[in-house]
1. Calculate, for A:Asp265 and A:Ala219, the FRET efficiency according to 1/(1 + (r/R0)^6) with r their C-beta to C-beta distance and R0 30 Å; round to the nearest 0.05.
2. If amide hydrogens are placed 1.01 Å from N in the peptide plane, which non-local residues have theirs closer than 5 Å to the one on A:Met80?
3. Could you pull the accessible area for A:Ile32 with a 1.4 Å probe, rounded to 10 Å²?
4. Can you give the FRET efficiency for A:Asp273 and A:Lys8, using 1/(1 + (r/R0)^6), R0 = 25 Å, r = Cβ-Cβ distance, to the nearest 0.05?
5. Which of the residues in the range B:68-85 show a loss of at least 30 Å² in accessible area from their chain by itself to the complete set of protein chains, at a probe of 1.4 Å?
6. Taking the inverse of the average 1/r across all pairs of different Cα atoms in the range B:122-250, what Kirkwood radius in Å do you get?
7. Net charge within 12 Å of B:Trp240 by Cβ-Cβ distance, Lys/Arg positive one each and Asp/Glu negative one each, not counting B:Trp240 itself?
8. Tell me, what % of the accessible area of the protein assembly as shown is carbon and sulfur with a 1.4 angstrom probe?
Amino acid sequence: MKVSIELKNVVKRFGKVTALDNVTVTFGGNKIYGLLGRNGAGKTTLLSIITSRLFADEGEVLVDGEPARENDRAMRKIYMMGEATLYPENMRVGDVFRWTREFYPEFSLDYAFSLADSFKLDCRKKVKSLSTGYTSILKNIVALSSNAEYTLLDEPVLGLDANHRDMFYRLVIEKYAERQNTIVLSTHLIEEVSEVIEDVVIIDGGKIIFDGSRADLLAHGYSVLGSTELVNRYAEGRTVIGSESLGGMKKAYIWGKPEQDGVPDGLELSSVDLQRLFIQLTNARQN
Amino acid sequence: MYLKPVVKYRLCDYKRAIITFYIIIIAIMIGFFSITISYDTATASFAGIEMIGMNFIFIVSLTSFKEPFRMLIQNGISRKTILLGQIIWTICVSAIMSVVDKVICLVGSIGSSISGRFIVGSLLDQVYPSKFLPEPGRIPAHLMAIAFSFCLYTAVAALGYFITLLYYRMNTPMKVAVSISVPCFLFIGLPLIDNMTNGGVSYFFDRVSQLIFGVDGSNGPLSVMAFALVCSALLCGLSWLLIKKAPVKN
């Protein structure tokens with residue numbers, strides 16, 4: 001049996017806007033994925049189609065090899081923490097935990113209450129009375145406690161302060177170490193998740209522009225710094241995904257692997273961090 | 001199928017509302033009974049208690065889509081299971097309310113025997129002459145009353161659910177158009193047409209209702225019960241068409 005979520009040639013249109021354009025991607029088993037994209041890139045649409053919150057116009061979604069669309073068994077392998085809060089407004093936090101256990105038998109009630117305690121989330125409060133940050137915390141706690149085979153977290157740190165964000169990322173790693181399940185972190189805050197994720201899927205304008213390991217992505221990009229003339233000469237015949245100029249100096253971001261030897265004098269080659277690479281890649285597509 | 005938690009969630013969701021409704025009904029009945037006992041000139045009549053129940057279940061059904069739908073989708077339940085859960089919920093709630101209504105009527109009839117000015121009767125007794133009904137006070141009569149209210153409750157609940165689902169799927173201009181045009185047609189258009197056709201519309205509805213209620217034939221309440229069940233099934237089918245591609249709206 002395949003252990004994965006597979007999207008095959010998925011197309012989703014909203015009127016004249018194509019939110020997902022022939023997307024084919026696989027979230028294989030037991031990894032932490034970063035689904036990265038700018039605002040409006042199609043991240044939420046993609047996750048919503050996986051969980052049948054929206055339906056694709058074309059293509060199909062398979063969970064462990066079986067069609068996911070309106071399939072209870074497939075859908076219950078996935079817990080999605082979305083940006084929208086779908087719990088009843090008047091439901092108390094503790095009741096959200098209890099009811100989720102009814103639907104996800106693997107849900108750990110003790111773990112949920114202990115996390116709520118750690119985050120100082122009052123379990124007697126109603127969902128509607130929670131702040132944006134605490135609403136995110138509630139949804140994250142439920143997602144992490146669900147023990148679903150696939151946990152999809154859409155913008156999980158929305159409204160969280162630095163301490164809570166740090167706590168959350170540590171919990172994700174702890175949970176992954178304990179369960180070895182598949183976690184998809186969808187976010188536009190790349191710098192924060194760069195140390196957490198193993199594989200990266202970058203979506204831009206409804207298309208997947210990169211799908212591979214983080215290490216592979218980082219190995220594919222580098223920067224070259226030097227005088228504008230030298231940099232321009234070096235860049236000829238190479239794929240330049242972006243550049244920055246200051247005075248007579250220029251820094252170009254190159255897509256490809258740097259040569260091991262023969263770097264011209266006056267040029268400095270260096271690696272690029274994930275966020276910088278993401279910015280240059282998505283900008284290059286827009287330009 | 002993952003129906004059990006869905007039905008459990010739905011029943012728990014409205015448990016308090018149903019209990020509160022019956023507490024109010026019983027409190028009102030006790031209040032009026034006390035008045036008829038205390039004052040010689042006072043009379044109180046609770047004829048057709050099911051009508052209040054029908055209003056209640058209709059309103060409850062009108063509010064029973066959006067919030068449960070969002071909660072159940074959040075918890076990985078398919079739309080098909082959500083609708084099946086709603087059907088089972090409707091059957092359970094209709095059955096419970098029908099039995100409770102009958103019990104209230106029976107207890108009320110004890111009150112009637114104490115004070116002749118305190119009258120409690122079921123809708124069935126009000127609508128149909130005795131020739132259509134089993135012998136009063138016997139088990140078949142009680143079962144008939146329960147089955148009669150059950151069928152009506154089911155149809156009304158299915159209608160409420162269908163209407164709320166229809167509104168959920170409509171965009172705002174459609175909602176406005178329907179909200180204005182339907183009442184206009186019912187309260188202005190139909191009377192106008194009735195006037196222009198010398199009571200043709202009234203005659204038509206009179207004939208249809210006689211046919212549905214079975215008062216001019218030999219079937220009596222069985223006719224309306226069958227009609228209610230067919231309507232329930234049709235409305236469930238239409239609800240499926242509406243829910244099967246319903247998106248999650250914010």
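1. 0.75
2. When sequence neighbours closer than 5 places are left aside, the close amide H contacts are A:Leu152.
3. Approximately 10 Å² of A:Ile32 is accessible to the 1.4 Å probe.
4. FRET efficiency, A:Asp273 to A:Lys8: 0.20.
5. For the range B:68-85, once contacts with the other chains are taken into account, B:Arg70, B:Met71, B:Ile73, B:Gln74, B:Asn75, B:Gly76, B:Ser78, B:Arg79 lose 30 Å² or more.
6. 17.4 Å
7. Taking every other residue near B:Trp240 into account, the sum is +3.
8. Of all accessible area on the protein assembly as shown, carbon and sulfur atoms account for 59 percent.
The values are calculated or read from the model by the stated rules, or taken from the named source; none is laboratory data. Note that this is a predicted model, so its numbers are computed, not measured. Because the Cβ atoms are built from the backbone with ideal geometry, glycine has one as well, and the counts that use them run over all protein chains shown. Calculation scope for accessible area: heavy atoms of the full protein, side chains included, ligands and nucleic acids excluded. Shrake-Rupley method; radii C 1.70, N 1.55, O 1.52, S 1.80 Å.
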